[in-house]
Structures are given as C-alpha cells and as structure tokens.
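The values are calculated or read from the model by the stated rules, or taken from the named source; none is laboratory data. Small disclaimer: the values here were computed from a predicted structure and weren't measured. Note that we place each Cβ from the backbone using ideal geometry, even for glycine, and neighbour counts take in every protein chain shown. For accessibility, only protein heavy atoms count, side chains too; no ligands or nucleic acids. Shrake-Rupley method; radii C 1.70, N 1.55, O 1.52, S 1.80 Å.
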Amino acid sequence: MLVKTNAGGMWLLPQVEELRHRGHEVAVVLPPGSGQLSDELERRGIEVLASPYDFTMGRYLPIGLLRLRALLRRLRPDVVQYHLIASAYAVRLATLGLPVRRVHMVAGPAYLESRLVRSVERMMWRLDDVVICSCRYASVRYGELGCPPQRRPVAVYGVDTDAFSPDATGPDQRAKLRAELGIDQAAFLAVMVSHVYPPMRLVRSGRGVKGHEVLLAAWRTFRRRHPDAHLLLVGGGWTAAGEDYRRRLSDQFGVAGDPGVTWVESVPDVRPCYAAADISVSPSLCDGPGSAVEAGSMGVPSIVSAAGGLPEAITERSGWVVPPADPVALLGALDAAYQGWVTGTLTLRGRLARRHVRASFDDLRAAAEVADIVEDVAAHRR
C-alpha cells in the first residue's frame, strides 16, 4: 500500500489487518519520518518503508519517480494499492511497464470536481486495474469518464462501530466535555468536525471545500433565533495555508468574540465531541461520507450537504440533506433539528443514524470487501 500522508490515513489500518489476517504480506510506503500512521503501523508489526518520492510536482519529479520505481521493483509486489490522487499519479507513472496490478482507492471525490483533473483522469484511470470508490458518487463520476462498472466497484472505508459507540465514551462524557469547554449543559449543541482546507485553485476557487463559511453564515441567524444554541468547531488548518484561512474565517465571522461559538483546533479523540453534541453538521462543497459516518456511529444525527458521497451517510429518517453552499437551506435544517431537540424526536434520529452506519459502514465489513477486490485483482495477475 502507498499513501502520500503520514499525518492521517488511519482508515487504511483495517484494510492492512484484514489482508494480513488472510495470510498476505503487506508493506506500507509512506513519506519519511515519524507520524501518527507510521507509528501505529510499526506498533502493530507492519513493515513501513520511506517513500523516495515526496508527492510534489517539484523540479526533482523525474528523479523521485525513478527512485520510487526502483523501490517497487525491489519489493516485487503482486498488487500496489494506493490512496489519495497524488499517490495514484505517482504509482501509475512509476510502475509503467512493470508486471504489477494497480488498485486505486478513492478516499474523497473532491478532485473530480476540477475540469482539468477530470480531463487528466479520463486517460489516467485506464492505468488502474480497479478503481475502488469509497462512495457511489465517485463511482458515477468515474463512469462519466468512461470507466466500466466492473472496474469501479464501491467499497467504503468505514468506521469502528465498537469504538465509535454511544457507550464507548462513558455516560458522563457529554457533561464533562461541555464543562471543560465552558458550554452550557442545557444548550443545544451543534458540532462540525473537520480540518480547515484552504481554497483550492482547481476546485471551487475562492471557497474552502469543507464549507465552514456556509455554516458560520447560517449560524449567525440561527443563534439570534435560538440564544440557547452553541456551535462547536473541531479542527485546525490543514497546512499553513489552511491555518491562515481558518484565522481569516474566524475574523470574518467574529468567532473570537461570539459566546455561541467555540473553535477547538485539535483534540486527541473526537468521540467526546460527538458525545457532547445534539447534531453534527457537514456542509462540504464536495466530500466522501466523512464525519457524518463517525457521528452516526456515535448515535448523533447529521445535517449534510447534497455533495459528493455525504447523502449516502444518512437516511431520510436519520438526518437532513441540504443543497451545498446554501446558508438559508442549512438554517432551515438547523431549525428542524432544534425543533426535534425540543420535542425529543432528535434522539430517535440518532438511534436510526447508528443503525444505518452499523449496517453500511462498519469498518471490518468494509475492509473485507476491499480485501476481496484486491485478492481478485491478484488472482487475475497469476
């Protein structure tokens, strides 16, 4: 397996473990240096190799790709499985002409919103033996690029439904976190869990893809209507540019001086944040099922935008779907969730959200599906 980040990507752990459980040898190629992912892989006794390619388009691109090619030739894998689009471009180019099968797993479909990237992918996906799509939306988009159904199966990344459970954090976690953050115990609490990504030049230029500004714009009016409501934002900027963008958003919407908004840059465990919340909000302009799956597994209903694979994370009875980049529609959904909180029906939506996630997004079941696909690809090679 190869992935361009060492800071995240914990979602590939169940896939690695499932392949090892089936008796396969697995090595993971990551950017060099210590990181959350490499540390956990090594703790589990999984071989981690430093990538000689830095996943940028810098002046040393050809040298890096040649070194990556040499590494893969030395490993002689039956299958190379890669996550994230930068990883896909690197492996596709580095393995041209090598007797290896390629499995591209699409973590998020945002890059397919770019006309330029789509024009490149229209040709490049043909170098993949299989494109595993983490949501139906991504599979449809690859279908539009000419990829046949048998080469774009859907298999989600999933969530650990035992660890992300209303019972896993303890009965006092809700009150404890609220007390630590200074949030009223009786408040209606909405949570958004997401890093802040800077606006991308090739995708929805001028706006952050996660939709923080959409939520903050809707929250202004919502808070005036419901003074007992509180918004918890969890996640700092991804890269220095993301952090700069987060500061600009904070200044633009007056977050620092707003008693109804708390912005936490990082937490060691997001589960208490969900446990403390009444509703989760995912207003992305394009995304995979994302944090709505984690929230649902924790028994928290979600409001999601009709973008990418987000609507697949909920059902009509477990949450709300609103048009993307529409603060007015988001405000309406927040009002509906608040009304459900007042009447007590929001709790039922939370139970239904967990039922849906357990049935469709359990990480062990999802990892088994991915392993089946990888084994099938390897069998065709033999």
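For ASP258, neighbours were defined as the other residues whose beta-carbon sits under 12 Å from its Cβ, and their charges (Lys and Arg +1, Asp and Glu -1) total +2. Across region 1-44, Cα-Cα pairs more than 16 Å apart make up 29 percent of the total. For region 116-261, count all C-alpha to C-alpha pairs, find those more than 27 Å apart, and express that count as a whole percent of the total. Distances greater than 27 Å cover 46 percent of the Cα pairs.
Rounded to the nearest 10 degrees, the inclination of helix 363-381 to the longest alpha-carbon principal axis of the chain is 20 degrees. Which percent, to the nearest 5, of DSSP beta bridges fully inside the chain are antiparallel? Expressed as a percentage, antiparallel bridges in the chain total about 5.
Amide H contacts for SER305 (H built 1.01 Å from N in the peptide plane; partners 5 or more residues away or on another chain; cut-off under 5 Å): SER282, SER284, VAL322.
Shown here for region 303-372: GluC sites (Glu not before Pro) in loop regions (DSSP other than H, G, I, E, B) with at most 14 other Cβ atoms within 10 Å, namely GLU316.
Between ASP39, ASP78, ASP269, where does the largest GNM mean-square fluctuation fall for the chain, given springs only between Cα atoms within less than 10 Å? Largest GNM mean-square fluctuation: ASP269. Projected over every direction and averaged, the convex hull enclosing the alpha-carbon atoms of region 238-358 yields 8.0 nm².
Relative contact order of the chain, taken over Cα pairs closer than 8 Å and 6 or more residues apart, is 16 percent. Remark: relative contact order (region 171-296) = 36 percent; criterion is Cα-Cα distance under 8 angstrom and separation of 6 or more residues. Considering every alpha-carbon pair of region 185-256, the percent of pairs per 5 Å bin, from zero through the bin containing the longest distance, is 4, 15, 26, 25, 15, 9, 5, 1, 0.
Taking the protein heavy atoms of region 315-382 in the context of the full set of protein chains, the accessible area attributed to carbon and sulfur is 53 percent at 1.4 Å. Estimated at the nearest 10 Å², the accessible area of ARG122 is 110 Å² with a 1.4 Å probe. Considering only the other residues whose Cβ falls under 12 Å of the Cβ of ARG136, what net charge follows from Lys and Arg at +1 and Asp and Glu at -1? So the surrounding residues net to +1. Taking θ as phi - 60° and the Karplus parameters 6.51, -1.76 and 1.60, the scalar couplings of region 10-15 work out to 5, 5, 7, 4, x, 5 Hz in sequence order, x denoting glycine and proline. The residues packed around ALA187, meaning those with a beta-carbon under 10 Å from its beta-carbon, carry a net charge of -2 if Lys and Arg are +1 and Asp and Glu are -1. Among the chymotrypsin sites (Phe, Trp or Tyr not before Pro) within region 30-128, those in coil by DSSP and having at most 14 neighbouring Cβ atoms inside 10 Å are TYR60.
Per residue, the convex hull spanned by the Cα atoms of region 236-289 measures out at 128 cubic angstrom. Here's the picture: charge each Lys and Arg Cβ at +1 and each Asp and Glu Cβ at -1 in the chain, and of GLY208, LEU96, VAL267 the one pushed furthest to the positive end of that dipole is LEU96. Within region 173-329, all pairs of alpha-carbon atoms sorted by distance into 5 Å bins from zero give the percentages 2, 10, 19, 23, 23, 16, 6, 1, 0. Please build a GNM for the chain, connecting alpha carbons under 10 Å apart, and tell me which residue among VAL100, VAL80, VAL281 fluctuates the most. Comparing VAL100, VAL80, VAL281 in the GNM, the peak value goes to VAL100. Using a probe of 1.4 angstrom and keeping all protein chains present, the accessible surface of the chain works out to 45 square angstrom per residue. Structure remark: mean-square fluctuation, Gaussian network model of the chain, C-alpha springs under 10 Å; the largest value among PRO77, PRO62, PRO272 belongs to PRO62. Computed over the chain, the per-residue total of -39500 (n - 2.57) for DSSP H runs of n ≥ 4 gives a 222 nm mean residue ellipticity of -13000 deg cm²/dmol, rounded to 500. Mean projected area of the Cα convex hull of region 67-108, taken over all directions, amounts to 2.6 nm². As a size descriptor, the averaged projected area of the C-alpha convex hull of region 94-189 was calculated at 10.4 nm².
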